[in-house]
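The next block holds one structure in the form of structure tokens; read it before the comments.
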Amino acid sequence: MSAALLTSRPAGNDTTLLLTLSNPGVRNALHPDMYAAGIEALHAAQQDASIAAIVITGAEQFFCAGGNLHRLLDNRAKDPSIQAQSIDLLAAWITALRTCSKPVLAAVEGAAAGAGFSLALACDLIVAADDAKFAMSYARVGLTPDGGGSWFLAQALPPQFAAEVLFEGKPISAARLHKLGLINRLATTGTVLQTTLAWAQELASVSPHALAHIKMLLGAARKQPLATHLLAERDSFVQALHHHDALEGIQAFLAKRPPRYRST
């Protein structure tokens, strides 16, 4: 079986789209076919009002080993543009994850290495097994990061620790990253996907309109000064107040009942 990104709706949780990295024999190593499928799946999810959240995981309780070194060796014999095109497609998938208006959660068992780590970092929330490992192992094979790995780590970690992770390329425990806030929740091995799907289902009870705009504000906060961001928050708040989700949410809160948000 070749590399593939499998899509499904988990039983009993039809508001969540599950994307499973599958590349048997090479620990779900990434492939351009996966990138293209991921972009297509996110585009479809964006248009499907019945999908409230997206979960990315790996087959056979292993998230992703990153790039396939055998494929990279083969690409050395080809024009450099071939590898550049592959990285551009990965970047397009990472961008689609960041710009998708719906929450994206990573469920990490085993390990997330190289671009697999970058992929997990591109998600909004990360749930990991308490014994999972994360590694930006590029430098150990003479390479440099792709998929936004260096950008995400520089944003999320103290400068010295980000440098350590990237310079050494050694595995970092999920527990250590959890203490630093890079991982949201730890779960017992074998229960990570179940835990993540339950969280995704919980997010389905929150206003989809509010979540979309909060995700947009978080992304914008990384690149604009406070004065500009305060204006963006004002405009978002006013627009949200006059959206039907706010009417339902406020009325439900005052009536002490669960809100019933309808598709936008």
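The values are calculated or read from the model by the stated rules, or taken from the named source; none is laboratory data. Small disclaimer: the values here were computed from a predicted structure and weren't measured. Here the Cβ positions follow ideal geometry from the backbone for every residue, glycine too, while neighbour counts run over all protein chains shown.
Results, tabulated for the structure shown:
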quantity: Search result, residues across region 236-261 that are under 14 Å from Ala212 (Cβ atoms) and among the acidic types (Asp, Glu); calculated: Asp245
quantity: Restricting region 1-14 to residues that are surrounded by fewer than 22 Cβ atoms within 10 Å (Cβ to Cβ) and in contact with a helix residue (DSSP H, G or I) (Cβ under 6 Å, 6 or more places away or on another chain), the residue that is modelled with the highest pLDDT; calculated: Thr7
quantity: Selection from region 122-150 of residues that are closer than 13 Å to Leu97 by Cβ and without any contact (Cβ under 8 Å) to a residue 40 or more places away in the chain; calculated: Ala122
quantity: Matching residues in region 103-115 - criterion: being farther than 13 Å from Pro171 by Cβ and aliphatic (A, V, I, L, M); calculated: Val104, Leu105, Ala106, Ala107, Ala115
quantity: In region 50-69, the residues that are over 16 Å from Phe134 (Cα atoms), in contact (Cβ under 8 Å) with a residue 40 or more places away in the chain and assigned to a helix (DSSP H, G or I); calculated: Ala59, Leu69
quantity: Any chance Ala112 is of a type in the set (Gly, Ala, Ser) and within 14 Å of the chain's Cα centre (by Cα); calculated: yes
quantity: Residue list for region 16-38, restricted to those being among the β-branched types (Val, Ile, Thr) and surrounded by 18 or more Cβ atoms within 10 Å (Cβ to Cβ); calculated: Thr16, Thr20
quantity: Number of the exception - Ala49 against (1) at pLDDT below 95; (2) under 18 Å from Val141 (Cβ atoms); (3) of a type in the set (A, V, I, L, M); calculated: (2)
quantity: Yes/no for Leu119 being touching a strand residue (DSSP E or B) at 6+ places or on another chain (Cβ under 7 Å), crowded, with 23+ Cβ neighbours inside 10 Å and assigned by TED's automatic domain parsing to the domain that holds Ala45; calculated: yes
quantity: Any hit, region 15-30, residues being among the charged types (D, E, K, R) and at pLDDT 95 or above; calculated: yes
quantity: Scope region 73-90; condition surrounded by 15 or more Cβ atoms within 10 Å (Cβ to Cβ) and aliphatic (A, V, I, L, M); matching residues; calculated: Ile87, Leu89, Leu90
quantity: Test: Ala112 is more than 24 Å from Leu166 (Cα to Cα), buried (at least 16 other Cβ atoms within 10 Å of the Cβ) and at pLDDT 95 or above; calculated: no
quantity: Residues of region 222-264 classified as of a type in the set (Asp, Glu), touching a helix residue (DSSP H, G or I) at 6+ places or on another chain (Cβ under 7 Å) and within 28 Å of Gln155 (Cβ to Cβ), total; calculated: 1
quantity: Those residues of region 28-49 which are free of Cβ contacts under 8 Å to residues at least 60 places away in the same chain and of a type in the set (S, T, N, Q), in sequence order; calculated: Gln46, Gln47
quantity: Check on Ala187, touching a Leu at 6+ places or on another chain (Cβ under 6 Å) and touching a residue at least 12 places away in the same chain (Cβ under 8 Å); calculated: no
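Every residue, every condition in (1) among the basic types (Lys, Arg); (2) within 17 Å of Ile172 (Cα to Cα); (3) touching an Asp or Glu at 6+ places or on another chain (Cβ under 7 Å), yes or no:
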{"site": "Arg76", "(1), (2), (3)": "yes, no, no"}
{"site": "Ile87", "(1), (2), (3)": "no, no, yes"}
{"site": "Leu97", "(1), (2), (3)": "no, no, no"}
{"site": "Phe117", "(1), (2), (3)": "no, yes, no"}
{"site": "Leu125", "(1), (2), (3)": "no, no, no"}
{"site": "Thr144", "(1), (2), (3)": "no, no, no"}
